[in-house]
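Okay, structure first, notes after.
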Amino acid sequence: MRRVIAVVLAVGFIMGFAGAAPAQSKVRECFGIRGGAGWFPGDRKELQAAVDKYLADAGDVKVEGKPVAVIAPHAGYRWSGPTAAYAFKPLVGLKYSRVVLMGPSHYEAFTGGSVSDADAYATPLGQVELDKPAVKVLLATGACRSLPQADDREHSLQNELPFLQTVLKDWKLVPIVVGAFQKDTDIEKLADAVKSVLTPDTLIVVSSDFTHYGPRFDFTPFTTDLKENIRKLDQGAADRICAVDYKGFRDYMAKTEATICGRQPIAVLLKVLDGRKDIRGKLVRYASSGDQTGDYGDSVSYASIVLSRAAGESRAVLKVELAAASEGAEKDEKLPEKLTEPEQKLLLTMARAQLEKAIKERQMVDPQEYAGDLTRKLHAAGAVFVTLTNHGELRGCIGDIVAQQPLYQSVLKNTVHAALNDPRFARNRITEKELPDIHVEISYLTPMKLIAGYTEIVVGKHGVLLEKAGRRAVFLPQVATEQKWDRDTMLRQLSLKAGLPPDAWKQGCTFHVFEAQVFGENEFAGKKAEEKK
C-alpha cells in the first residue's frame with residue numbers, strides 16, 4: 001500500500017461534502033430583467049457583450065495570491081457593472097469547484113440564512129447547478145433554512161451570476177440569502193455553517209452595495225462635502241474588511257450606522273476568515289452613482305474587494321507555527337503522553353461512526369454522545385492523520401501536521417476529509433457498499449522538530465516534512481517502512497511529491513521531523529480474536 005499524504009495544513013479549510021447532484025428539475029429564474037429593462041439585459045448576446053466589455057475595461061487587476069473571497073456590488077449593471085468587473089477579473093483562469101454566494105435580503109426580515117430549494121439558478125447565459133450535498137449540509141446545521149419568500153424577488157445573488165458564469169468554468173453554486181437582523185451569535189452560527197462546506201477550491205462571493213446616502217434612504221449624517229465624506233465613510237468600512245477585522249467592522253457599523261446593505265453577509269465572511277493571518281484584502285475599485293449623475297444628494301456607492309491567500313504569507317504562518325511547535329518540543333523533553341488503549345479504542349469508535357455518518361448521511365456526528373468518555377488528553381490539542389484503506393489499498397489519507405483543535409475533533413474532521421475530500425479520489429469516493437471493507441487507522445503526531453539536515457532522519461521512526469522554494473510535502477513515519485524504502489529513496493519520493501526534482505533533497509531543503517503513535521481497527525480486532533481463543 002502506498003500512502004501519498006494529502007495534508008490539511010494549520011491554515012487548512014474545514015470539510016466540504018462531495019457527491020452526485022440530482023437531475024435538475026426546479027430552476028430559479030432571474031427576477032426583474034424583463035427583456036432588457038431592469039437589473040441587466042435579458043437577451044443572452046446583449047448580456048454577454050456587456051459583461052465582456054466591463055471585464056475588458058477593468059484591465060489587469062493585480063492581487064497577491066489566489067483569491068479566497070470577493071465582495072462585489074449588485075445594483076443595476078448600468079450603475080455597478082463597471083465596478084463589479086474589478087472584483088471578478090482576478091478570477092479569470094483560476095479553478096474553483098464550488099462558489100458560496102451570499103447576499104442580503106432586501107425584502108424579507110429573518111435571522112440566519114436562507115438556501116434555495118431549487119436545483120439550478122438560470123440567467124440568460126444559462127443555468128448554474130446548485131451543489132445539493134453542500135446545501136444539505138447547511139440545512140442540517142440549523143443556521144440555514146429554505147425560505148422561498150426570501151429568494152422570490154431577491155436580486156443580490158442573481159446579479160453576480162453572469163460575471164461568475166463568464167470567468168469560471170465547471171463549478172457549482174451554494175446560494176445563501178442572509179437575513180437583515182443578526183446578532184453576533186447568529187453570525188457566528190452562520191459562519192460555522194459556511195465553514196462546514198469550505199474546501200481548498202471553494203470561492204466565497206459576497207454581494208453588497210456600499211453607502212446609500214440621501215433622503216431617499218433616510219441617511220444624511222453630513223450635509224457638506226458629500227462626495228468626500230461618503231468616500232471616507234466607505235473607506236473606513238473597506239479598511240476593516242481588508243484587515244479581516246470582524247470585530248472592528250461590526251463596531252464600525254454600529255458606530256456609524258453606515259447603510260451598507262450587505263453588512264450582514266460581509267460580517268459572516270469576516271467571521272469565517274477570523275484569525276486567518278494569511279489572508280489580505282485589497283480594495284480594487286470604488287465608485288458611486290453620484291460619479292455618473294453628478295448628484296451626490298441621493299447616491300449609492302459601489303466597492304469591489306478581493307481577499308487573497310498570499311503564498312508567501314501562508315508559508316510564513318506555517319513556519320511560525322512550526323517554529324513554535326519545534327521550540328515547545330525542545331523545551332519540553334517529555335513528548336506528549338501516549339494514548340492509552342481505551343483512548344485509542346474510543347477514537348477509533350468515533351472515527352468509524354463519523355465515517356459511516358459522512359458516507360450515508362453527509363453529516364457530522366454529535367460529540368456529546370461520547371462526552372462522558374473523553375479524557376483530558378482527548379480534549380487537548382492534537383495533530384492527527386486518518387488513513388482509510390480497503391484490503392491494503394489506500395482510499396483516503398488526510399491530517400494536520402500542527403495541532404489546531406482538540407484531538408477528538410481533529411479525528412472527526414480528518415475522517416471526513418479522508419473519506420470525502422482527498423483529491424486523489426475525487427472521481428472514486430468511498431461508497432456505502434464499500435464501508436464494511438474500509439479499515440481505519442489513526443496516526444497521533446508529536447510536535448514538529450527542525451533538524452540540521454537529512455542525515456538526522458531515522459527511517460521508521462521519523463515522519464518528515466520537506467520544504468524548498470515554497471514547495472513542501474510530508475510522509476508519515478510508517479510510509480517508508482511499508483514501502484521498504486531506505487532514507488535516500490524516501491527523500492527522492494518526498495521531493496517528487498513536493499513537485500521538485502528527485503534529487504532536490506540533497507541541497508537547500510529544510511526538514512522537520514516528528515514521530516507518531518499509530519493504531520488501527522485491525523490491531524484491536526486481532527486482540528479481540530486472541531482473547532476469544
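Quick notes on this structure:
- Just one residue in the set 392, 396, 372 is farther than 24 Å from residue 202 by Cα, in the same structural domain as residue 479 (by TED's automatic domain parsing) and in contact (Cβ under 8 Å) with a residue 12 or more places away in the chain; that residue is 392.
- Hey, residue 200 outside any helix (DSSP H, G or I), of a type outside the set (A, V, I, L, M, F, W, C) and either surrounded by 14 or more Cβ atoms within 10 Å (Cβ to Cβ) or out of contact with any Asp or Glu (no Cβ under 6 Å at 6 or more places or on another chain) (or both) or not: yes
- Within the range 397-430, being assigned to a helix (DSSP H, G or I), of a type in the set (Lys, Arg) and over 18 Å from the mean Cα position of the chain (by Cα) holds for one residue alone: 424.
- Exactly one residue out of 482, 523, 530 is in contact with a strand residue (DSSP E or B) (Cβ under 9 Å, 6 or more places away or on another chain), at pLDDT below 95 and not aliphatic (A, V, I, L, M), and it is 523.
- Options 210, 163; residue that is among the aromatic types (Phe, Trp, Tyr), surrounded by 23 or more Cβ atoms within 10 Å (Cβ to Cβ) and in a helix (DSSP H, G or I): 163
- For the range 380-389, the criterion of being surrounded by fewer than 18 Cβ atoms within 10 Å (Cβ to Cβ), among the hydroxyl-bearing types (Ser, Thr, Tyr), in contact (Cβ under 8 Å) with a residue 12 or more places away in the chain and not in a helix (DSSP H, G or I) is met by none of the residues.
- Against the criterion of being more than 13 Å from residue 68 (Cβ to Cβ), touching a residue at least 12 places away in the same chain (Cβ under 8 Å), part of a helix (DSSP H, G or I) and under 25 Å from the mean Cα position of the chain (by Cα), residue 189 qualifies.
- Note on the range 434-533: enclosed helices (runs of 4 or more DSSP H) holding 1 or more residues that are in contact with a Ser or Thr (Cβ under 9 Å, 6 or more places away or on another chain) are 477-483, 487-497.
- Odd one out for residue 377 among (1) at pLDDT below 95; (2) under 25 Å from the mean Cα position of the chain (by Cα): (2)
- Pair list, Cβ < 6 Å and 6+ apart or interchain, from the range 158-184 residues that are under 26 Å from residue 142 (Cβ atoms) and in contact (Cβ under 8 Å) with a residue 60 or more places away in the chain to residues that are of a type in the set (Asp, Glu) and in a strand (DSSP E or B): 172/129
The values are calculated or read from the model by the stated rules, or taken from the named source; none is laboratory data. Computed from a predicted structure; not experimentally measured. Quick reminder, even Gly has a Cβ in these numbers, built from the backbone with ideal geometry, and neighbours come from all protein chains shown.
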